[in-house]
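Here is the structure we will look at.
Taken together, the values in this text are just the output of simple stated rules run on the coordinates, not laboratory data. The structure displayed is predicted, hence computed values, not measured ones. Cβ: placed from backbone, ideal geometry, glycine included. Neighbour counts: every protein chain shown.
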Amino acid sequence: MTDISNIESSTLPRLQPSLPAELYSDPAVYQEELTKIWYQQWIYAGRVDGLSRPGDYRLTTIGNQTIIITLNREGQVRAFYNTCRHRGAELCQAQQGHFKQDRITCPYHRWSYSLEGALLNTPNLEISNDHHHFGLYPVKCQSWGGNIYINLDSSSPLKLGETADPDFTVLDNWPLEQLKLGHTHQFELACNWKIFWENYLECYHCPGIHPDLCKLVPLYKAALATDRIDPGAELADAVASGIESWTTTGKAISLPFEGLSTEQANAGHTFMELYPNQYIVAHSDYVRQVSISPLSAERTRVTTEWLFSAEAMKDPDFDPAPAIDFSKQVLAEDRWVNELNQRGVTALPPQNGYLVPVEADVGLFHEMYSNWMSQ
Ligand code: FES
Ligand code: FE
C-alpha cells in the first residue's frame, strides 16, 4: 500500500499553490465565471423521460438565466430563454407544467408562440410578414444517454461530445438511455462551486472523512482518488474483494447490467465528468448522476439522481435504499468539508492554499479553469 506520509515529506518543496482565496467569494469573479464558463459550456438539464408528451416543459436555471425545456410535436427536445420577445416578460413561472394547445403564451399581453418558438399570435395587433423576426430566443440542446444538455453559447459550432474531453465512450456499455429515474435528492451547499469540484477530485480527505467508503475502496483508504496518482501503481481503481457495489451492505441491489465487461463489473465504479456541472458514476447495478448549479459566489445547488433498470424497479422486492442511503451519507460527509473549506478560505488575510502531490487532479482542474477564464 502507498505510504502517503512518505509522498508528502519527500515532495513538500513541490507543493503547488491553490487558487487565490478571493476567487471563492468575490461576486465580480462569480459574474465573470458565469459569462466565461457557465454560459459557454454544455450543462446538464435533466432526464428526457421527465418530459412525457409534447408541450410538457420544465425550467432549468444556469446562473442568472432561466431556460424553458420542452418537447415539440414530434417529441424532440427544444429549449428557449424564458423571456417574451415583446417587452421581455418572463413566460413561465412554474418550475414545470404543460403548454395547453401546444402554445407558449406570455401572461403579460398574451403574445403566443409555437413549441418551435415561432410567434403565432399578437392580440389586437397585425405584425404581418414580420412574425418570423419575433420568435423565442432558442438555446442549443442535445440529448445523450437519456440526459438533456443545453448550451447558451449560440456562436460555438461544437456539438456535445465533439471534443476529446469528456470521453463519452467510457459509459458505452451502460444502458443509460433505458434507465429510469428512481430517486432525486437536492440541497444547497454553502460554498463556491469550485470547492465542490476540488473536493471531488482528491481523496486526500477520504480516510478521515469517509471511513465507510474507504472500507469499500482500498485506493481511497490510501488517500488516492485514482490509480493514475499512485506512484507504485499497487492499488487498482476498484472496489475491495467481496464488495459488489457502493451500498450500505456492499452487496448489489440488483443484477449487474448486461453488456458490462468483466473489468467494468468488477471495478464497481466508473466515473465520467462533464465540467463544469455534472459527474456520473456508473456502478454495476445502478447509476448515480450528480449535478451542480451555482447560485452565488458562495452558494451552490447539488442535485443527485439515482437511475435503475426498469426491470429492477418493476420487481416488488426491489429495494434501492442501500444504494441511496450510502450515497447520501457520502454526500453529507462531503457537504460538511465543502462548507468548512468555504468558511475558512474567506478569512481576511489574503492567502492561497497549497496542493499536495495526491491532489494533482485538483491542479488540472485549476488549469482548465484558468484556460476558460483567460478566453
Ligand atoms: Fe410578453 Fe408583452 S411582454 S406579450
Ligand atoms: Fe469526498
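At-a-glance table
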{"item": "Using a Förster distance of 35 Å, the FRET efficiency for residue 36-residue 181 (Cβ separation, nearest 0.05)", "result": "0.65"}
{"item": "Whether the chain is rounded, prolate or oblate, judged on the alpha carbon gyration tensor where a/c under 1.5 counts as rounded", "result": "oblate"}
{"item": "Low-density loop cleavage sites - trypsin sites (Lys or Arg not before Pro) in the stretch 13-106, where at most 10 other Cβ are within 10 Å (DSSP)", "result": "87"}
{"item": "Residue list for the stretch 132-163, given a label point 7 angstrom along the Cα-to-Cβ vector of residue 86 and an amide N cut-off under 15 Å", "result": "134-136"}
{"item": "Sparsely packed GluC sites (Glu not before Pro) within the stretch 76-167, loop by DSSP, other Cβ within 10 Å at most 12", "result": "126, 162"}
{"item": "Pairwise Cα inverse-distance average, inverted: Kirkwood Rh of the stretch 194-289 (Å)", "result": "14.0"}
{"item": "Unpartnered cysteines - no second Cys beta carbon under 4.7 Å - across the chain", "result": "92, 141, 191, 214"}
{"item": "Approximate spin-label separation residue 371-residue 165, in nm, with each point projected 7 Å along Cα-to-Cβ", "result": "0.5"}
{"item": "Label-point separation in nm, residue 96 to residue 296, each point 7 Å along Cα→Cβ", "result": "2.8"}
{"item": "Dipole of the stretch 230-298 [Lys/Arg +1, Asp/Glu -1 at C-beta], most positive-end residue of 269, 236, 247", "result": "247"}
{"item": "Extension gain (nm, one decimal) between residue 336 and residue 22, 0.36 nm per residue minus Cα-Cα", "result": "111.0 nm"}
{"item": "Per-pair calculated FRET efficiency, R0 = 22 Å: residue 310 and residue 140 via Cβ, rounded to 0.05", "result": "0.15"}
{"item": "Two-site FRET efficiency, residue 228 against residue 64, from Cβ-Cβ distance with R₀ of 35 Å, rounded to 0.05", "result": "0.40"}
{"item": "Rough spin-label spacing in nm, given labels placed 7 Å along Cα→Cβ, for residue 348 and residue 263", "result": "5.5"}
{"item": "Residues in the stretch 52-94 that a label on residue 109 would reach, taking backbone N under 18 Å of a point 7 Å out along Cα→Cβ", "result": "83-92"}
